[in-house]
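Down below is the structure, laid out as structure tokens.
The values are calculated or read from the model by the stated rules, or taken from the named source; none is laboratory data. None of the values given here were measured: they were computed from a predicted structure. Every residue, glycine as well, gets a Cβ built from its backbone with ideal geometry; the counts of neighbours run over all protein chains shown.
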Amino acid sequence: MTDRMLPRKIGPRALAALLCLLFLGLTLSGCLSAKKVSDRELICVVPAGAEDISLLSFFLNLRQPAGPHLNLEITAIEIASRGMWLPITLGTKVLDTEKIGAGQVALGQTTLEPGVYEKIRLTLSPEASITVAGKRADLRLAESQVEIPFGEPVNLGNGASESFFLDWDVEASLDGPASLVSPVIDLRGVRVSPITANRIYVSCPDINTIYSVRADKRWVDRSFYVPGRPTYIAMDNARQRLYVLCREDADIKVIDLVTSVITDVINLPMTFEPVFMRIDDDLSHAFIIDDHGAVSKVDLQSGNIVARKETGQKTSYIEHLPASRSVAVSSDRDSRVYLLDDDTLEVKGEIAISGKPAGLLAKEDYLYIAEEQADMVTIYDTRQRVKLKSMFVGNGPRRLIDQDNNIYAANSRSGTLSLLRTTNLRVVKEIPLGNEIYEMASSGKEQLIYIGKKVKEDCGGSLSILDVTSSSIIGEIELGSRPLGIVVGQ
């Protein structure tokens, strides 16, 4: 290379850009050296094995839920570290204050190397509007960017998942009826509360994070890092702890919800990755399956495997039937549901299915089976060992949940819920939800069902809230990532 090919001088802007690229290159090198993610569902992920990076999530709410009606577009969100701005999101985020109301918006997430971070910066599109008395008018923006400090610099450590919350005072941001001086936004971190009741806990395996959601506010209020792809979770309300099945680490992590600390790890000697976990009602044992057909029974007190059995191939779901002292296991490849003794895991019987079996639901002596390929729900009498009835529901029933005398089937392909009455064994209603549906959890006290959904376009996710009394959706909780396991703290 000759001297003529080299630049004689690097300007300050070029130098800053070069340093930023070097910083991002270091982060990407960590991604490229990470262990391969084998789960095809994990599309938008924190790299597996990347313990030297952490995740930041940002959420926004309004200080006055019933304030002025503005429409703004955030075209970029960045975070500053030692004078360099790094991107948090690259897409556009639309803010409609009327739609946000008393709710919350997930602004974005990013993985970062450990370090000190001072502030974030929002870039706003000049196309903004205000609506007054039903009339929409252009809103003039005095500034296209707004910088929001953390208050105190954030010292981000290794392997963390931190959430920060932007509190927007819309009224204070306006100068007259159609001019926005600068958005007045405060940025705060998590205020840890020892109260675990009235909380919904949601695992997001793509980002190694569990979110805590306040049921009364319908806001994310906290997050904590759980390595190894946390999938299905169970809650011990009395001891204020979570049992978390981690797919890639092949273990159960026990989390103290008061301190957000992992207090125990139960290793699972499984040949293949665990795919589902069901814990019995007295929280003494966990039943776990892998996708090649092995069923394991784990003593949660000692951490020992007390029974293990090979069943059908490619198992996908397991349910405990205490009335008949059995566990039921769905086998996709065999088109069978196997019934096992819940003590020894010896096979006691099997149920032939016309379509691929998915979710299972035990209710007294009956087993409800979601047949995903056949678009049916089958009812099986476990005591008499006979099928009672099969009913057509929506397209691709994947999961089932019980609420009083109603059963809801979540249909993955049609994006709907089918409402089944157990009193007369018939489908009485189809409830549209949109997007791809994952797991569900119920709050019997409030008569609500929380339904996890994935937004494919931006790898985001949310919880829809179904009011059982009216059979209608009454709210949406944005998470920013695909939800999987869901539990409700009572």
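Among the residues examined, P114 does not qualify as in contact (Cβ under 8 Å) with a residue 24 or more places away in the chain, surrounded by fewer than 12 Cβ atoms within 10 Å (Cβ to Cβ), over 29 Å from S464 (Cβ atoms) and not basic (K, R). Would you call V455 within 21 Å of the chain's Cα centre (by Cα) and hydrophobic (A, V, I, L, M, F, W, C)? Judged against the criteria, V455 is a match.
Between T131, T123, T209, the distinction of being surrounded by fewer than 16 Cβ atoms within 10 Å (Cβ to Cβ), β-branched (V, I, T) and either touching a Phe, Trp or Tyr at 6+ places or on another chain (Cβ under 6 Å) or modelled with pLDDT of 90 or more (or both) belongs to T123 only. For the residues L72, L95, L55, the requirement of being part of a strand (DSSP E or B), closer than 20 Å to V181 by Cα, within 26 Å of the chain's Cα centre (by Cα) and not basic (K, R) singles out L95.
Tell me the residue from S481, S464 that is hydroxyl-bearing (S, T, Y), under 11 Å from the mean Cα position of the chain (by Cα) and crowded, with 16+ Cβ neighbours inside 10 Å, please. Testing whether each residue is hydroxyl-bearing (S, T, Y), under 11 Å from the mean Cα position of the chain (by Cα) and crowded, with 16+ Cβ neighbours inside 10 Å leaves just S481.
Looking at the stretch 280-301 only, could you name the residues that are out of contact with any Pro (no Cβ under 9 Å at 6 or more places or on another chain), charged (D, E, K, R) and over 19 Å from K253 (Cβ atoms)? Scanning the stretch 280-301 gives a single hit, D282. Between K429, K456, the distinction of being of a type outside the set (A, V, I, L, M, F, W, C) and either modelled with pLDDT under 90 or surrounded by 23 or more Cβ atoms within 10 Å (Cβ to Cβ) (or both) belongs to K456 only.
Listed here are the residues, each with its yes/no results for (1) at pLDDT below 90; (2) surrounded by 22 or more Cβ atoms within 10 Å (Cβ to Cβ).
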| site | (1), (2) |
| --- | --- |
| D343 | no, no |
| E350 | no, no |
| G359 | no, yes |
| Q384 | yes, no |
| L388 | no, no |
| G415 | yes, no |
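When D334 is tested against (1) modelled with pLDDT of 90 or more; (2) more than 21 Å from I451 (Cβ to Cβ); (3) touching a Gly at 6+ places or on another chain (Cβ under 9 Å), exactly one condition is not met: (1). Residue pairs whose Cβ atoms lie under 7 Å apart, sitting 6 or more positions apart in sequence or on different chains, and linking a residue in the stretch 204-228 that is at positive phi to a partner that is among the β-branched types (V, I, T) and surrounded by 24 or more Cβ atoms within 10 Å (Cβ to Cβ), are N208/V46; N208/V226; R218/I477. Of all the numbered requirements in (1) within 30 Å of D291 (Cβ to Cβ); (2) modelled with pLDDT of 50 or more, A106 misses one, and that requirement is (1). Here I279 passes the criteria (1) at pLDDT below 95; (2) of a type in the set (A, V, I, L, M); (3) crowded, with 16+ Cβ neighbours inside 10 Å except the one numbered (1).
Criterion first (part of a strand (DSSP E or B) and more than 30 Å from G67 (Cβ to Cβ)) does Y211 satisfy it? No, not satisfied. Given the options R385, R399, name the one that is touching a Gly at 6+ places or on another chain (Cβ under 7 Å) and under 30 Å from E446 (Cα atoms). Only one candidate passes the filter, namely R399. Is it true that some residue in the stretch 360-369 is under 30 Å from R214 (Cα atoms), assigned to a loop (DSSP other than H, G, I, E, B) and among the aliphatic types (A, V, I, L, M)? No - not one qualifying residue is present in the stretch 360-369.
In the set R191, R229, only one residue is more than 17 Å from M277 (Cα to Cα) and either at pLDDT 95 or above or of a type outside the set (S, T, N, Q) (or both); that residue is R191. The set of residues in the stretch 134-146 that are in a strand (DSSP E or B) and surrounded by 15 or more Cβ atoms within 10 Å (Cβ to Cβ) comprises L141, V146.
Here Q313 clears all of (1) in contact with a Gly (Cβ under 8 Å, 6 or more places away or on another chain); (2) in a strand (DSSP E or B); (3) surrounded by fewer than 18 Cβ atoms within 10 Å (Cβ to Cβ) except the condition numbered (2). Looking at S472, S464, S481, just one residue is among the polar types (S, T, N, Q), without any contact (Cβ under 8 Å) to a residue 40 or more places away in the chain and under 23 Å from V105 (Cβ atoms), and that residue is S464.
Please verify whether the stretch 330-346 includes one or more residues that are closer than 18 Å to L245 by Cβ and either without any contact (Cβ under 8 Å) to a residue 40 or more places away in the chain or touching a helix residue (DSSP H, G or I) at 6+ places or on another chain (Cβ under 7 Å) (or both). Yes; the residues of the stretch 330-346 include at least one that is closer than 18 Å to L245 by Cβ and either without any contact (Cβ under 8 Å) to a residue 40 or more places away in the chain or touching a helix residue (DSSP H, G or I) at 6+ places or on another chain (Cβ under 7 Å) (or both).
Out of the residues in the stretch 246-261 meeting the condition of being crowded, with 17+ Cβ neighbours inside 10 Å and β-branched (V, I, T), tell me which one is nearest to P205 (Cα to Cα). Within the stretch 246-261, the match that is nearest to P205 (Cα to Cα) is I252.
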